[in-house]
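First the structure, in the form of structure tokens, and then the observations on it.
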Amino acid sequence: MINFTPQASAKIRELLEAENNPNILLRVGVREGGCSGFSYGMGTDESTSESDQIFTYEGFKVAVDAESYKYIEGLVIDYKESMMGGGFTMENPNAVASCGCGASFRTRDYEGKAEKCE
């Protein structure tokens, strides 16, 4: 399961409501790349596949593809505001290393393909 802090849930509901589409859901996943091997991805989607894990939260649905789920099971997504703006942060219990910005990670069993960070 993936978890959201109250701040993240509120922001996601706000973003999804702005889409003005009752069929829209949040898609969370990973892809190979980033400084540490895997990069997080998060966006809106209207479709799901049979292999997706689907979760329902307070007012919105989340889809995670089966391949990504094994890397992010237990993930906690937060949203933080600062003087420089706001953004989502990821706390992944499966990560054994992550880059300085927190956008990519590596797990004990799966290292992915790291990209050179500049």
| field | Accessible area, probe 1.4 Å, largest first, for residues MET90, MET84, MET1 | value | MET84, MET1, MET90
| query | Going by a ≥ b ≥ c, the root eigenvalues of the Cα gyration tensor, does the chain fall in the rounded group (a/c under 1.5), the prolate group (a/b larger than b/c) or the oblate group? | reply | oblate
| task | Note the angle between two axes, namely the Cα long axis of helix 6-18 and the longest principal axis of the Cα atoms of the chain, as a number of degrees from 0 to 90, rounded to the nearest 10. | result | 60 degrees
| remark: Spelling it out for CYS35: with amide H atoms placed in the peptide plane at 1.01 Å from N, the residues 5 or more places away or on another chain with amide H under 5 Å from its amide H are GLU115
| task | Pull up all non-local amide H partners of THR44: gap of 5 or more, or a different chain, and H-to-H distance under 5 Å with H placed in the peptide plane. | result | ARG27
| query | In terms of modelled amide H atoms, which long-range or inter-chain residues lie less than 5 Å from the amide H of THR107? | reply | VAL96
| query | Okay, helix-only estimate at 222 nm for the chain: each DSSP H run of n ≥ 4 adds -39500 (n - 2.57), divide by all residues, round to 500 deg cm²/dmol; what do you get? | reply | -5000 deg cm²/dmol
| message | Students sometimes get this wrong: rank GLU19, GLU50, GLU81 by accessible area, probe 1.4 Å, all chains present, largest first. | response | GLU50, GLU81, GLU19
| task | Count charges around ALA10 for me, please; just the other residues with Cβ under 14 Å from its Cβ, Lys/Arg as +1, Asp/Glu as -1. | result | -2
| request: Please work out how many pairs of lysine residues in the chain are eight or more positions apart (or on different chains) and have Cα atoms closer than 22 angstrom. | output: 5
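The values are calculated or read from the model by the stated rules, or taken from the named source; none is laboratory data. Everything quoted here is computed from the prediction, not taken from an experiment. Using ideal geometry, Cβ is built from the backbone for each residue, glycine included, and neighbour counts are taken over all protein chains shown. With ligands, DNA and RNA removed, areas are computed over all heavy atoms of the protein, side chains included. Shrake-Rupley method; radii C 1.70, N 1.55, O 1.52, S 1.80 Å.
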